Amino acid sequence: MRGSPYDVAIAGLGAMGSAAAWHLSRRGYRVLGLDAYRRGHDRGSSHGRTRIIRQAYYESPDYVPLVRRSYELWRTLEEESGRALLTVTGGIYLGRAGTELVAGALASAREHGIPHEELDAAEIRRRFPALRLPDDFAGLYEPGAGLLDPEACVAALLDLAAAHGAELRHEEPVRSWWVDGDGVVVETERERYRAGRLVLAIGAWIGQLLADLQLPLEIWRILHVHFEPERDDLFPAGRYPFALWEIPEGIYSAFPALPGQGVKFGRHDTGEICTPEAARREVWPDEVESLRAMLNRFLPGAGGQVLWTLTCLYTMTPDHHFIIDRHPQYPQVVYASACSGHGFKFATVVGEILADLATEGTTPHRIDFLSAARFWRNDAREGLRP
Ligand SMILES: Cc1cc2nc3c(=O)[nH]c(=O)nc-3n(C[C@H](O)[C@H](O)[C@H](O)COP(=O)(O)OP(=O)(O)OC[C@H]3O[C@@H](n4cnc5c(N)ncnc54)[C@H](O)[C@@H]3O)c2cc1C
């Protein structure tokens, strides 16, 4: 591995790739990082001012050890960068008893001993009067949940990786790669680079550089709107947790009002199927109005003036779990599609796992449930809509 000018080349410097660059460079490896777009761009999945981090993990209790490690690593990153990145605001998961969101969060909290409170509708209204809930709703309140600042997180990861000697090149897309002995050659429009290992962390574009694996992925365009609440004291961070609610119409997330950001709101469980290149960036008035109506149904007055809107990409697997794995034929190539709309909080530990897999071939973290082989075993692709 030490023969090549670079020990590891990383394609994609979004959340996952920048975290891998941080881990690898601080371990002393010679790192080359390549990204197709300018630093801080908004074409992928890691922009939008806020990202939820939580441990009472409704998607599966298997994620809890990983998210606990990521909390530790976000704090380490804060220390090393001297920047505040993770704000604990608390989080509340709402729905009728038995909904996947509330039941799943409760199961994870109990299994892993995560501090939480089970609240009925009356208690939720008493503690968070801005929330308007049907009587038969219940909630799980997680005091340790919080918000990350994605742009600041990625910037801190890139700055520290560069400080540890990583060579980071933006606006230089990787066009192709091939193995060469036990190393790899990475080709961009400008150059050919040799490295001992390759990390592919290109988010929604992953299918383009791993076409041979035919990963069962679907790209969703997701819309979030920042609304100015009608009253400042309506849903302020510090007083209110973020809220996720599951109803027959879907799963929605509302972020408490941060200074200058208003209330950010969006739907989580569906999006317009697209490709990264063709994703519609234009926002239509009726989209905003339907989100405003849904927000005001549960938080009357929160959906005031529109401050701004943003579109962003989810990379969805059929079971909504990540894919983190080594290439089945070329062990010197490792990759991550850690998204399905819930990957950011894990970036620091996914970066650690990618660094382990690239340099040691294994990782102490339990990731068997994230292997791509699960799709090839029982071809679970019918989960993807045609
Ligand atoms: C609206 C929205 C809200 C979300 N909310 C949350 C949340 O609250 N909590 C949470 O945990 N997660 C959340 N997520 C999910 C999370 O943001 C993503 O899982 C995460 O950002 C994915 O990071 P990534 O590094 O895989 O992708 P990206 O950050 O998109 O990085 C991929 C990079 O690869 C580059 N690239 C592409 N092709 C090439 C190429 N050929 N050569 C070189 N570089 C290339 C791109 O330019 C890009 O920078 C949300 C996502 C969205 C869209």
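The values are calculated or read from the model by the stated rules, or taken from the named source; none is laboratory data. Because the structure is a prediction, the values reported are computed rather than measured. Note that each Cβ is placed from the backbone with ideal geometry, even for glycine, and that neighbours are counted across all protein chains shown. Surface accessibility is based on the protein's heavy atoms, side chains included, excluding ligands, DNA and RNA. Shrake-Rupley method; radii C 1.70, N 1.55, O 1.52, S 1.80 Å.
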Would you rank I10, I52 by solvent-accessible area, highest first, keeping every protein chain in place and using a 1.4 Å probe? I52, I10
I need the calculated FRET efficiency for the pair R27 and R127, taking r as the beta carbon distance and R₀ as 35 Å, to the nearest 0.05. 0.20
Quick check on segment 1-57: take the gyration tensor over C-alpha atoms, sort the square-rooted eigenvalues as a ≥ b ≥ c, and tell me if it's rounded (a/c under 1.5), prolate or oblate. oblate
Protein-only accessible surface order, largest first, of T309, T363 at 1.4 Å: T309, T363
Assuming R0 = 45 Å, can you tell me the calculated FRET efficiency for the pair Y330 and D286, based on Cβ-Cβ distance, to the nearest 0.05? 0.45
With the crude spin-label approximation of a point 7 Å out along Cα→Cβ, what separation in nm comes out for E72 versus A162? 3.0 nm
From the Cα gyration tensor of segment 51-178, with a ≥ b ≥ c the square roots of its eigenvalues, which class applies: rounded if a/c is under 1.5, or else prolate if a/b is larger than b/c, or else oblate? prolate
If you roll a 1.4 angstrom probe over the protein chains with everything in place, what fraction of the accessible area of the chain belongs to carbon and sulfur, to the nearest %? 50 percent
Per residue of the chain, what 222 nm ellipticity follows from adding -39500 (n - 2.57) for every DSSP H run with n ≥ 4, rounded to the nearest 500? -8000 deg cm²/dmol
Which distance in nm do the two modelled labels at D62 and E277 give, with both placed 7 Å along the Cα-to-Cβ direction? 3.4 nm
Per residue, how many Å² of accessible area does the chain show with a 1.4 Å probe? 39 Å²
With a 1.4 Å probe and all protein chains in place, put W74, W308 in order of accessible area, largest first. W308, W74
Rounded to the nearest 0.05, what FRET efficiency is calculated for D232 and D368 with R0 set to 51 Å and r the Cβ-Cβ distance? 0.60
Rounded to whole angstroms and listed largest first, the alpha-carbon spread of the chain along its three principal axes comes to 65, 46, 39
